[in-house]
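Asker: Let me begin by handing over the structure; questions about it come next.
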Amino acid sequence: MPTYIIAEAGVNHNGSLERAKQLVDVAVEAGADAVKFQTFRAASLVTRKAPKARYQTETTEASESQWEMLRSLELPEAHHHALLAHCSQRSIQFLSTPFDVESADLLARLGVPRLKIPSGEITNGPFLLHMARLGKPIILSTGMSTLGEVEQALGVLAFGYAATPHEAPSRDAFQCAFASAAGQAALRQNVVLLHCTTEYPTPFEDVNLYAMDTMRAAFGLPVGFSDHTPGVSVPIAAVARGAVLIEKHFTLDRTLPGPDHQASLEPDELMMMVCSIREVERALGTPLKRPAPSEMANRDVARKSLVATRAIQPGELFTEESIGVKRIGEKGLSPMQFWSLVGREARRAYRMEDPLEL
């Protein structure tokens, strides 16, 4: 299956519907499968006194609170409808990450095909349960998490998907749901895990792509990669390591004001990432080691055959000294037959460098 590529517009629209539509157009031109925004209400997400993250302080007005910053980046419901219509017109899937229950319900009503749980909500049990009970497939981002925290979150999701209505939620119930056949089946059917490092930009030494293998082995679920590193090399490497989904922030212009622009790809870089991933997919092939169709014509030219090192008369015994190994430009007797030929009688005469026969 081709890697599912999400062009993460996030909040890089800066509150402008027109800019959001331009981001959709860029994602389409780059060849992404989906374009994803973020749906939230600042009042439901943060307190008015909550500080910003360090990277947000560095990329936005320092005196502005996190609540004020987020308030200016909200997408109203009307913009969601407009973006859905625009995505439909441009034949790209619209996705968005909800950060609160009200926003999740809005996306469900809009018919968004799958929901993304951001890394910051992986310990938010009530939110996880609500998301699973919406009955939609989920992409679970695992930034800042331990393997145990990922398992706990999956337990809540398994309970939300598989529990009967009369069962009361509890930590024991979540553990039982995670261990049950029904819970595991529900997770396999609905959940993709995303390896992620929640730093903008992420230092290369903090990426730890091997953790994808760990999660895949531990949970038996498909694993993708949400990338915050500079450039495109790491998401390409993640595809080579088996990522089924890639998510990458992009912007119209990295110099725009806002919290995520500086850690985002510009349009030409997004296109290069998508093209490179598609090339890598074609190169991965299968586990079977065999000659490729394109190299078959070169095999007889590149491989060597057994030839006479001097003139040989009929009936003469082949010796190690009279048998050489050279390229002849066509298929001849394989050098693997060297020892089978030594000591045999020549059936005909050979000139120097003639191909030999058994």
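Asker: Can you name the residue in the range 29-51 that is in contact with a helix residue (DSSP H, G or I) (Cβ under 6 Å, 6 or more places away or on another chain), at pLDDT 95 or above and not in a loop (DSSP other than H, G, I, E, B) and, of all such residues, is surrounded by the fewest Cβ atoms within 10 Å (Cβ to Cβ)?
Answerer: 30
Asker: Keeping to the range 341-356, report how many residues are over 13 Å from residue 317 (Cα atoms) and not in a strand (DSSP E or B).
Answerer: Within the range 341-356, residues that are over 13 Å from residue 317 (Cα atoms) and not in a strand (DSSP E or B) number 4.
Asker: What residue, among those in the range 173-208 that are of a type in the set (Ser, Thr, Tyr) and within 17 Å of residue 249 (Cβ to Cβ), is modelled with the lowest pLDDT?
Answerer: Out of the qualifying residues, it is 200.
Asker: State the number of residues belonging to the range 197-222 that are touching a strand residue (DSSP E or B) at 6+ places or on another chain (Cβ under 6 Å) and farther than 24 Å from residue 135 by Cα.
Answerer: Step one: list which residues in the range 197-222 are touching a strand residue (DSSP E or B) at 6+ places or on another chain (Cβ under 6 Å), which gives 211-212, 215-216, 221-222.
Pick out the ones that are also farther than 24 Å from residue 135 by Cα and you get 211-212.
Qualifying residue count for the region: 2.
Asker: Give me the pairs, please: first residue somewhere in the range 73-86 and over 16 Å from residue 102 (Cα atoms), second residue anywhere and of a type in the set (D, E, K, R), beta-carbon distance under 8 Å, and either six or more positions apart or on two chains.
Answerer: Sorted first by the residue in the range 73-86, then by its partner, the pairs are 82/21; 83/21; 86/21.
Asker: Do you know which residues across the range 301-313 are surrounded by 14 or more Cβ atoms within 10 Å (Cβ to Cβ) and either polar (S, T, N, Q) or assigned to a helix (DSSP H, G or I) (or both)?
Answerer: Once the filter is applied, which keeps residues that are surrounded by 14 or more Cβ atoms within 10 Å (Cβ to Cβ) and either polar (S, T, N, Q) or assigned to a helix (DSSP H, G or I) (or both), the range 301-313 yields 305, 309.
Asker: Moving to a separate point now. In the range 11-28, which residues are surrounded by fewer than 23 Cβ atoms within 10 Å (Cβ to Cβ) and under 19 Å from the mean Cα position of the chain (by Cα)?
Answerer: 28
Asker: Under the condition of being at pLDDT 95 or above and surrounded by fewer than 12 Cβ atoms within 10 Å (Cβ to Cβ), which residue from the range 327-343 is farthest from the chain's Cα centre (by Cα)?
Answerer: 343
Asker: Are any residues in the range 12-27 over 21 Å from residue 263 (Cβ atoms) and of a type in the set (A, V, I, L, M, F, W, C), and if so, which ones? Before the answer, list the steps.
Answerer: Step one: of the range 12-27, the residues over 21 Å from residue 263 (Cβ atoms) are 17-18, 21, 25.
Hit for the range 12-27 is 17, nothing else.
Asker: Tally the residues that are assigned to a helix (DSSP H, G or I) and surrounded by 13 or more Cβ atoms within 10 Å (Cβ to Cβ), restricting the search to the range 166-180.
Answerer: Within the range 166-180, residues that are assigned to a helix (DSSP H, G or I) and surrounded by 13 or more Cβ atoms within 10 Å (Cβ to Cβ) number 6.
Asker: Here is a further query. What about residue 138, is it in contact with a Leu (Cβ under 6 Å, 6 or more places away or on another chain), among the aliphatic types (A, V, I, L, M) and under 21 Å from residue 243 (Cβ atoms)?
Answerer: Here the answer is yes, as residue 138 does meet what is asked.
Asker: To continue, here is another question. Can you tell which of 330, 279 is farther than 30 Å from residue 54 by Cα and without any contact (Cβ under 8 Å) to a residue 24 or more places away in the chain?
Answerer: 279
Asker: Of 308, 302, which residue is within 39 Å of the chain's Cα centre (by Cα) and modelled with pLDDT of 95 or more? Outline the logic, then answer.
Answerer: Numbers: 308 fails: within 39 Å of the chain's Cα centre (by Cα).
That would be 302, the only listed residue that is within 39 Å of the chain's Cα centre (by Cα) and modelled with pLDDT of 95 or more.
Asker: Also: Condition first: modelled with pLDDT of 95 or more, in a loop (DSSP other than H, G, I, E, B) and either assigned by TED's automatic domain parsing to the domain that holds residue 95 or in contact with a His (Cβ under 9 Å, 6 or more places away or on another chain) (or both). Can you find one or more residues in the range 153-165 that meet it?
Answerer: No; the residues of the range 153-165 include none that is modelled with pLDDT of 95 or more, in a loop (DSSP other than H, G, I, E, B) and either assigned by TED's automatic domain parsing to the domain that holds residue 95 or in contact with a His (Cβ under 9 Å, 6 or more places away or on another chain) (or both).
Asker: If you don't mind, there's one more thing I want to ask. Scanning the range 314-340 for residues that are in a strand (DSSP E or B) and of a type in the set (D, E, K, R), which turns out farthest from residue 297 (Cα to Cα)? Quick ask: steps written out before the conclusion?
Answerer: Taking the range 314-340 first, the residues in a strand (DSSP E or B) are 317, 323-327.
Still in the running and of a type in the set (D, E, K, R): 326-327.
Details: 326: 18, 327: 14 Å.
Out of the qualifying residues, it is 326.
Asker: Restricting attention to helices (runs of 4 or more DSSP H) lying wholly within the range 181-300, give those where 1 or more residues are of a type in the set (Ser, Thr, Tyr) and surrounded by fewer than 16 Cβ atoms within 10 Å (Cβ to Cβ). Even if it seems obvious, please write down each step before you answer.
Answerer: On the way: elements: 181-190, 210-219, 233-240, 267-284.
Output list reads 210-219, 233-240, 267-284.
Asker: Look through 53, 62, 42, 30 and report the one residue that is in the same structural domain as residue 202 (by TED's automatic domain parsing) and over 21 Å from residue 257 (Cβ atoms).
Answerer: Only one candidate qualifies: 30.
The values are calculated or read from the model by the stated rules, or taken from the named source; none is laboratory data. Quick caveat, the model's predicted, so the values are computed rather than measured. Here Cβ is always computed from backbone atoms with ideal geometry, including for glycine, and neighbour counts include all displayed protein chains.
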